[in-house]
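A quick write-up on the structure given underneath.
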Amino acid sequence: MMKGVELRASSPGTLGEAPVCPALKKACAVETQAPVVTPPRAPRKKKRFVMPESTPRVPFAQATQADRQSLIQIRTFVEESKEELTYNGGGDVRLGLDGTVSFSDLTMEMVPLALGMATDARQKARLLELRTDWPGGADPLMPEASYVRLVKSGEIDRRIAELEKIRAKDEFGIFRRAGNRPLAIGGYNLNVGEEREISGTQGSGTVYFSGCSMKCSFCQYNDIAQRKGGVEHSVNDLARVMLDLQERGAHNIQLMTPSHYVVEVVKALKIAAEQGLRIPLVYNTGGMEDLRALEQLEGIVDVYLPDMKFGTDEAGLRYGRVEGYVENTQAAIREMFRQVGNLKVDDRQVATKGVMVRHLIMPDDVAKARPIAQFLASVSKDLAVSVLDQWTPTHLAYQTPEINRKLTEKEIDRAVRVFRTAGLHVDGPGR
Ligand code: SF4
C-alpha cells in the first residue's frame with residue numbers, strides 16, 4: 001500500500017449535473033403538506049487547525065541536505081466526526097526551500113487551499129478538475145459494482161463462511177503477522193491524491209485500516225499500519241463509513257491495507273449493499289496476500305491496486321521484513337488479473353474494473369525494478385502500471401544508509417525506462 005501519489009495533469013472529466021436525490025425530493029414533498037418543525041441542530045463538527053508543523057519524519061539531525069529541503073510541512077485540518085469515526089480532511093503540503101510545493105494525502109476539503117499554493121501548471125490543471133462543488137449524493141455515472149449481485153443472490157454469505165475458515169487456518173500467516181486484532185480503523189476521507197483513474201474528479205472514498213501484514217522499514221503509514229493507531233469499530237460502523245463516502249460522491253470505496261480484515265470487510269460490504277451501496281470496491285494492498293482468501297473475493301472486488309515493491313526476496317526481507325515476498329505477490333497479482341483483467345475506465349477515465357499495479361522507485365534500485373517489470377509484462381503487456389517517484393525516507397529508513405536519501409532524476413528516468421523496455425505502457429511520474 002502506498003500513500004497518495006503526486007498530482008498529475010490529465011484531461012478534465014465530463015461529469016454532468018448531479019441529479020437531485022429522489023429520496024430528498026420525496027422528503028420535500030411531504031414537508032410542504034405537514035407543519036414545519038425545526039429539526040434539532042446537528043452538533044457542529046470540530047475543525048482543528050494545526051499549522052505549520054515542522055516536525056520532520058526523519059530525525060532532522062540525521063536527514064541529508066536533500067531531505068531538509070522538503071521537511072517543512074503544513075498539516076491542515078482534521079475534521080472529527082462523532083463516535084470516534086474520524087473523517088480526516090487533512091493532508092500535507094510540503095514546501096521545498098527551492099520554492100517547489102508538493103502535496104500528499106490530499107483530500108477534497110484541502111483542494112481550495114492547495115489551488116492557492118500550487119506552483120506547477122500540471123498541479124493546477126489537476127486541482128481545477130476536482131469537483132469541490134459536489135452537492136452530495138452517490139455518483140450516478142458509476143456502473144453498479146459486481147458485489148451487489150452476490151449480495152442479492154445470497155452467495156456473499158457462503159463467501160463469508162469460507163473466509164472465516166481461511167482466517168482460522170491462516171495458511172500464509174497474513175492475519176498473524178498483522179496481529180490478529182479486532183477491526184480497527186485509522187480514519188476515512190475523500191482522497192484526491194491517488195492516480196487519476198482512482199481519484200477521478202470526485203475523489204476515492206478511502207478507509208484506512210490499522211495494522212498491516214508487512215513491516216516496511218520506510219512505511220509512510222507507520223503510525224496506523226505498524227504502531228497500532230486507529231480505533232476499534234464494529235462491522236456496522238464500517239458499513240456506515242462506506243455509505244457515508246458514497247453519499248459524499250466518491251467514485252469508489254478504496255480499502256487501504258484490508259487483507260487482514262477481509263472477513264469484516266465483506267460482512268460490512270453486505271450490510272452496506274443491503275442499504276444501497278453500489279460503487280466499486282478498490283482493494284489497495286502491499287502485495288502479500290492470503291491466496292485462498294483472495295480467491296474468495298472474485299466478484300466482490302472490482303479494482304485491485306496492489307504494490308509490487310520488491311523484485312527479489314532479499315529486498316523483501318531487508319526493507320519489507322517479510323519472507324517469500326516475490327512468490328506470494330506474483331501469485332496474488334496473477335489471481336487478481338484472472339478475476340478482473342486489465343484496467344477498464346469509464347468515459348471520465350475513472351476505473352470501473354481491473355488491476356493497476358504500483359511500484360515505488362527506491363534509491364540505488366535496491367527494490368530491483370527489472371525483475372518486477374519482466375514479471376508484470378508476462379502477466380499482460382497492457383497491464384496498468386503506476387511507477388511512483390514519491391520516495392521519501394520515512395519511518396526507520398534513516399537507519400539504512402543506502403535508502404536514506406531522495407531519488408535523483410537519473411534514477412527516476414532509469415526506472416521508467418526499465419518498465420518501458422519490458423514493453424509496458426507505464427503511467428510514470430509525470431512522464
Ligand atoms: S508496512 Fe508496507 S505494505 Fe504495509 S502499509 Fe506500510 S508500506 Fe504499505
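The values are calculated or read from the model by the stated rules, or taken from the named source; none is laboratory data. The model shown is predicted, which means the values in this text are computed figures rather than measured ones. Neighbour counts run over all protein chains shown; Cβ positions are idealised from the backbone, glycine included. Ligands, DNA and RNA are excluded from the accessible area calculation, which covers all protein heavy atoms including side chains. Shrake-Rupley method; radii C 1.70, N 1.55, O 1.52, S 1.80 Å.
Say R0 is 41 Å: what FRET efficiency, to the nearest 0.05, do residue 295 and residue 247 get from their beta-carbon distance?
Between residue 295 and residue 247 the formula returns 0.80.
In Å and on Cα atoms, what radius of gyration and Dmax does the range 257-298 show?
11.0, 32
What ³J(HN,Hα) values, in whole Hz, does the Karplus curve 6.51 cos²θ - 1.76 cosθ + 1.60 give for the range 346-356 when θ = phi - 60°, with x put for Gly and Pro?
8, 4, 8, 6, 9, 5, 10, 6, x, 10, 10
Check the straight Cα-Cα distances from residue 270 and name the aspartates and glutamates below 16 Å, setting aside those fewer than 8 residues away within the same chain.
Qualifying aspartates and glutamates at Cα under 16 Å: 144, 155, 157, 162, 164, 237, 244, 298, 302.
Between residue 128 and residue 101, what length in nm is gained on full extension when 0.36 nm per residue of separation is reduced by their alpha carbon distance? Write out the running numbers ahead of the final one.
Working: separation 27, 0.36 × 27 = 9.72 nm, distance 1.64 nm.
Length gained between residue 128 and residue 101: 8.1 nm.
Can you flag which of 165/353; 165/228; 368/406; 309/406; 215/309 are past 19 Å Cα-Cα?
Working: 165/353 28 Å; 165/228 25 Å; 368/406 17 Å; 309/406 17 Å; 215/309 12 Å.
Cα-Cα > 19 Å for 165/353; 165/228; rest within.
Give me, ordered by chain and number, the residues 5 or more places off residue 388 or on other chains with an amide H under 5 Å from its own placed amide H.
359, 360, 361
Stretch residue 414-residue 334 to full length: gain in nm at 0.36 nm per residue minus the Cα-Cα span? Present the calculation step by step, with values, prior to reporting the outcome.
On the way: separation 80, 0.36 × 80 = 28.80 nm, distance 2.59 nm.
That pair, residue 414 and residue 334, stretches by 26.2 nm at full extension.
Convert each backbone phi in the range 407-420 into a coupling constant with the Karplus relation 6.51 cos²θ - 1.76 cosθ + 1.60 (shift: θ = phi - 60°), then list the ³J(HN,Hα) values in order as whole Hz, x for Gly and Pro.
Ordered by residue, 3J(HN,Hα) equals 7, 9, 4, 4, 5, 5, 4, 5, 4, 4, 4, 4, 5, 5 Hz.
Could you give the length gained on full extension between residue 399 and residue 158, defined as 0.36 nm per residue of separation minus the Cα-Cα distance, in nm? Could you put the intermediate results ahead of the total?
Values: separation 241, 0.36 × 241 = 86.76 nm, distance 4.63 nm.
Between residue 399 and residue 158, full extension yields an extra 82.1 nm.
Let's test the formula: R0 of 25 Å, r as the Cβ-Cβ distance of residue 421 and residue 364. What FRET efficiency results, to the nearest 0.05? Show your work: numbers first, answer last.
Details: r = 19 Å, r/R0 = 0.76.
About 0.85, to the nearest 0.05.
To the nearest 10 square angstrom, how much accessible area does residue 317 have with a 1.4 angstrom probe?
Taking all protein chains as shown, residue 317 has close to 90 Å².
Cα to Cα, under 20 Å, and not fewer than 8 places away if on the same chain: which aspartates and glutamates meet these conditions relative to residue 410?
6, 67, 98, 364, 365, 389, 402, 427
Order these peptides, 306-312, 216-222, by their mean beta-carbon neighbour count within 10 angstrom, highest first. Spell out each step's value before the answer.
Details: 306-312: 23.6, 216-222: 22.0.
So the peptides 306-312, 216-222, ranked by packing, come out 306-312, 216-222.
Quick one: which residues, 5 or more positions from residue 103 or on another chain, have an amide H under 5 Å from its amide H? H modelled 1.01 Å from N in the peptide plane, none for Pro or chain starts.
The list, which skips near neighbours in sequence, is 7, 94.
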